[in-house]
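Undergrad: Here it is, the structure, as structure tokens.
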Amino acid sequence: MASAPVISTRDLTIRFGGHVAVDHVTLDIAPFSLKSIIGPNGAGKTTFFNLLSGQYRPTEGRIYFKSTDITGLGAAARTRLGIGRSFQLTNIFPTLTVLENVRMAVQGRRGPGFNAWRDYRSFPELEDRAYEVLAAVLLHSKWSAPASDLSHGEKRKLEVGILLALEPEVLLLDEPTAGMSLEEVPTIIALIEGIKAQRDRTILLVEHKMDMVTALSDSIAVLQDGRLIADDTPENISRNSEVQAAYFGGGVGTRAT
């Protein structure tokens, strides 16, 4: 018997004036899987992520997290429930050290019962957990460096580390390799592969690089003009004629923006 979806959308729609950015999208995301969201430029991928994470409120439709309607909840409430989201641009504290960035997220995860006025050194488990996260994202050797000193690829890894420190059940990764050099991309792929291999989190990925998407994904959903035109395995998506037509008549190719 298949597990119930961790996230479901039903006729999810958002309009900006006369423009329909996401158009009646009904989609189920299986728990502990990696689903990629792809589509041509302007397909509505990031807008769809903004709806799932609570940055935007839909014009129509519903969003469910583990069968509970969360459509009316804001971004902070969804984070507390277990939906974590990264952005195309890095979202870190540049003047803090790498360790401090992650430790703050660990501390935030403690919730309202944690005494934030006490010195963090009163809670050595905070740093222990932060070091564990840094090791998981391959940044343990950079723990004392200011975050501003990291390369772009390292900043992306730190952002994923901050997300992991919040212990979300669902990771929304929006173009994690955006702006990276070719040399930096394999480390991010390895990082996502490592998270996926644990099979204790669900990952939704928006990514340009189709070879990466095909290699990592359990399933791929394709948006075009805000509509869901396909949701299938990577193999079937690569043979789908409607998907190929969405990419201007060619094959899916190696880049989908």
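The values are calculated or read from the model by the stated rules, or taken from the named source; none is laboratory data. All values derive from a computational prediction rather than experimental measurement. Positions of Cβ are generated from backbone atoms using ideal geometry, with glycine treated the same way; all protein chains shown enter the neighbour counts. Accessible surface is based on the protein model in full, side chains and every heavy atom, while ligands, DNA and RNA are left aside. Shrake-Rupley method; radii C 1.70, N 1.55, O 1.52, S 1.80 Å.
Undergrad: Within the stretch 146-180, count every residue that is more than 27 Å from Pro31 (Cβ to Cβ), modelled with pLDDT under 90 and open to solvent by less than 20 Å² (accessible area, probe 1.4 Å).
TA: Summing the residues that are more than 27 Å from Pro31 (Cβ to Cβ), modelled with pLDDT under 90 and open to solvent by less than 20 Å² (accessible area, probe 1.4 Å) in the stretch 146-180 gives 1.
Undergrad: Looking at (1) open to solvent by less than 80 Å² (accessible area, probe 1.4 Å); (2) at pLDDT below 95, which is the one condition that is false for Asp128?
TA: Asp128 satisfies every listed condition except (1).
Undergrad: Oh, and also: Can Ser3 be described as among the polar types (S, T, N, Q) and without any contact (Cβ under 8 Å) to a residue 40 or more places away in the chain? It would help to see each step written out before you state the result.
TA: Working: among the polar types (S, T, N, Q): yes; without any contact (Cβ under 8 Å) to a residue 40 or more places away in the chain: yes.
Criteria met by Ser3.
Undergrad: Hey, any hits in the stretch 101-110 for a residue that's of a type outside the set (A, V, I, L, M, F, W, C), in contact with a Gly (Cβ under 9 Å, 6 or more places away or on another chain), crowded, with 17+ Cβ neighbours inside 10 Å and assigned to a helix (DSSP H, G or I)? Lay out the reasoning, then the answer.
TA: Residues of the stretch 101-110 that are of a type outside the set (A, V, I, L, M, F, W, C), as a first pass: 101, 103, 107-110.
After this cut, where a residue has to be in contact with a Gly (Cβ under 9 Å, 6 or more places away or on another chain) as well, the list is 101.
If we keep only those that are crowded, with 17+ Cβ neighbours inside 10 Å as well, we get 101.
Within this subset, residues satisfying the condition of being assigned to a helix (DSSP H, G or I) are 101.
Yes.
Undergrad: On the basis of being open to solvent by 40 Å² or more (accessible area, probe 1.4 Å), at positive phi and in a strand (DSSP E or B), does Asp28 make the cut?
TA: On the way: open to solvent by 40 Å² or more (accessible area, probe 1.4 Å): yes; at positive phi: no; in a strand (DSSP E or B): yes.
Against the criterion (open to solvent by 40 Å² or more (accessible area, probe 1.4 Å), at positive phi and in a strand (DSSP E or B)), Asp28 does not qualify.
Undergrad: Same structure, new question: How many residues, within the stretch 200-216, are open to solvent by 10 Å² or more (accessible area, probe 1.4 Å) and not in a helix (DSSP H, G or I)?
TA: 4
Undergrad: If you don't mind, there's one more thing I want to ask. So which residues in the stretch 193-219 are under 14 Å from the mean Cα position of the chain (by Cα) and of a type outside the set (D, E, K, R), if there are any at all?
TA: As a first pass, look at the stretch 193-219 and keep what is under 14 Å from the mean Cα position of the chain (by Cα): 193, 195-196, 201-208, 213, 216-217.
Listed by number, the residues that qualify are Ile195, Thr202, Ile203, Leu204, Leu205, Val206, His208, Val213, Leu216, Ser217.
Undergrad: Given (1) under 13 Å from the mean Cα position of the chain (by Cα); (2) modelled with pLDDT under 95; (3) surrounded by fewer than 22 Cβ atoms within 10 Å (Cβ to Cβ); (4) closer than 30 Å to Arg239 by Cα, where does Ala190 come up short, assuming only one miss?
TA: (1)
Undergrad: Kindly provide the set of residues from the stretch 243-257 that are at pLDDT 55 or above and surrounded by 11 or more Cβ atoms within 10 Å (Cβ to Cβ), ordered by number. So that I can check it myself, show each step before the final result.
TA: Of the residues in the stretch 243-257, the ones at pLDDT 55 or above are 243-247, 249.
Of everything in the stretch 243-257, those that are at pLDDT 55 or above and surrounded by 11 or more Cβ atoms within 10 Å (Cβ to Cβ) turn out to be Val243, Gln244, Ala245, Ala246, Tyr247.
Undergrad: Determine, yes or no, whether Phe48 is within 27 Å of Ala215 (Cβ to Cβ), open to solvent by 70 Å² or more (accessible area, probe 1.4 Å) and under 18 Å from the mean Cα position of the chain (by Cα).
TA: On the way: within 27 Å of Ala215 (Cβ to Cβ): yes; open to solvent by 70 Å² or more (accessible area, probe 1.4 Å): no; under 18 Å from the mean Cα position of the chain (by Cα): yes.
No, not satisfied.
Undergrad: Okay, next question. So how many residues does the stretch 22-52 have that are among the hydroxyl-bearing types (Ser, Thr, Tyr) and at pLDDT below 95? Spell out the reasoning first.
TA: Taking the stretch 22-52 first, the residues among the hydroxyl-bearing types (Ser, Thr, Tyr) are 26, 33, 36, 46-47.
The next check asks that each one be at pLDDT below 95; those that pass are 46.
Within the stretch 22-52, residues that are among the hydroxyl-bearing types (Ser, Thr, Tyr) and at pLDDT below 95 number 1.
Undergrad: Considering each of Ile195, Ile188 in turn, give the residue that is touching a Pro at 6+ places or on another chain (Cβ under 7 Å), farther than 30 Å from Gly18 by Cα and not in a strand (DSSP E or B). Quick ask: steps written out before the conclusion?
TA: On the way: Ile195 fails: touching a Pro at 6+ places or on another chain (Cβ under 7 Å).
The unique qualifying residue is Ile188.
Undergrad: Cβ contacts < 7 Å: first residue among the basic types (Lys, Arg), restricted to the stretch 7-28; second residue assigned to a strand (DSSP E or B) and surrounded by fewer than 17 Cβ atoms within 10 Å (Cβ to Cβ), any location; separation 6+ or different chain. Result?
TA: Going by the 7 Å Cβ cut-off, the qualifying pairs are Arg10/Thr26; Arg10/Arg62.
Undergrad: Taking the condition of being among the hydroxyl-bearing types (Ser, Thr, Tyr), in a loop (DSSP other than H, G, I, E, B) and at negative phi, how many residues in the stretch 49-89 meet it? Show your work before the answer.
TA: Within the stretch 49-89, the first condition is being among the hydroxyl-bearing types (Ser, Thr, Tyr), and the residues that meet it are 53, 56, 59, 64, 67-68, 71, 79, 86.
So of that shortlist, the ones also in a loop (DSSP other than H, G, I, E, B) come out as 56, 59, 67, 71, 86.
With the extra rule that they be at negative phi, the set shrinks to 56, 59, 71, 86.
Within the stretch 49-89, residues that are among the hydroxyl-bearing types (Ser, Thr, Tyr), in a loop (DSSP other than H, G, I, E, B) and at negative phi number 4.
Undergrad: Also, I was wondering about something else. Picking from Ala43, Ala4, which residue would you name as being among the aliphatic types (A, V, I, L, M), in a loop (DSSP other than H, G, I, E, B) and open to solvent by less than 10 Å² (accessible area, probe 1.4 Å)?
TA: Working: Ala4 fails: open to solvent by less than 10 Å² (accessible area, probe 1.4 Å).
Exactly one of Ala43, Ala4 is among the aliphatic types (A, V, I, L, M), in a loop (DSSP other than H, G, I, E, B) and open to solvent by less than 10 Å² (accessible area, probe 1.4 Å), namely Ala43.
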